[in-house]
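**Student:** Below you'll find the structure I mean.
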Amino acid sequence: MSFLKSVTPTLLACVITTGCTGLPYDPRTNNDSSPPDIGLHIEGQRPDSVYKPNPSPTDTQCFPKQSDFCPNLRITPVDIGARVLGTPTVSIRIHENGEASVLATAKDSGSGVRKIRLSCNRQVYYNWDAANQTESNAVFPADAIEQTNQISNGRVPESGILQKVLNMHGQMVFQNAAGTPTRGHRVAIRCSAEASNFNGFSVQSDGVVIWAQDRSIQP
């Protein structure tokens with residue numbers, strides 16, 4: 001069972017709102033000096049969402065090869081942990097009409113999760129000129145969601161979780177400078193998560209790039 005499938009609606013609501021019963025917390029005596037644990041988890045929402053290059057003839061999920069997007073394959077969630085300098089950004093290709101679910105999680109058993117933030121930056125490429133091998137691109141401000149918790153009756157939430165579903169077809173559409181709806185031929189979305197605890201220590205995850213391309217255009 002995948003990570004996202006294993007998160008039940010009850011647990012999701014519990015973690016988002018209060019962290020369930022929470023942890024006892026007194027800022028005068030709590031000496032926790034480490035940041036929360038943080039994770040970023042990605043999963044294709046539809047069976048044909050995820051690109052798998054060069055499938056093996058023995059791979060029954062993806063053979064005979066009708067498409068580079070496997071008809072019955074679900075991606076194993078890509079777990080991106082706390083940031084380590086020098087770690088390369090993970091890149092995942094999603095079908096142009098597919099969806100990706102991005103889940104940010106944080107946990108701190110010492111001083112609770114005060115804040116968790118999931119941020120995704122979008123860059124759309126358009127006006128591909130095959131003759132001159134050129135294209136234009138538009139960069140958009142970060143689309144971010146966040147959850148901020150408070151101390152309640154001397155207790156704080158131990159965990160936090162945020163989820164964003166990206167429809168890749170819709171992510172290629174934007175309004176140009178003239179205000180006209182325009183559809184690009186590919187899009188790249190870079191997501192990362194950050195969290196802080198009630199003692200003021202923060203952590204940021206590595207990033208993951210989720211991208212899609214109109215297969216009728218080959219830049």
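The values are calculated or read from the model by the stated rules, or taken from the named source; none is laboratory data. Since this is a predicted model, take the numbers as computed values, not measurements. Cβ: placed from backbone, ideal geometry, glycine included. Neighbour counts: every protein chain shown.
**Student:** Need at least 2 residues that are on the phi < 0 side of the Ramachandran plot and at pLDDT below 85 per element, so show me which strands (runs of 3 or more DSSP E) inside the range 74-145 make the cut, counting only ones lying wholly within it.
**Tutor:** 78-80, 90-93
**Student:** Identify all residues within the range 161-219 that are within 26 Å of Glu146 (Cα to Cα) and acidic (Asp, Glu); write none if there are none.
**Tutor:** Passing the criteria: Glu194, Asp206.
**Student:** Let me ask another. Return the total of residues in the range 166-212 being of a type outside the set (A, V, I, L, M, F, W, C), assigned to a strand (DSSP E or B) and out of contact with any Pro (no Cβ under 8 Å at 6 or more places or on another chain).
**Tutor:** Adding up the residues that qualify gives 9.
**Student:** Right, here's the next one. For Gln163, are the conditions met, namely being within 21 Å of Asn199 (Cβ to Cβ), of a type outside the set (D, E, K, R) and part of a strand (DSSP E or B)?
**Tutor:** It is false that Gln163 is within 21 Å of Asn199 (Cβ to Cβ), of a type outside the set (D, E, K, R) and part of a strand (DSSP E or B).
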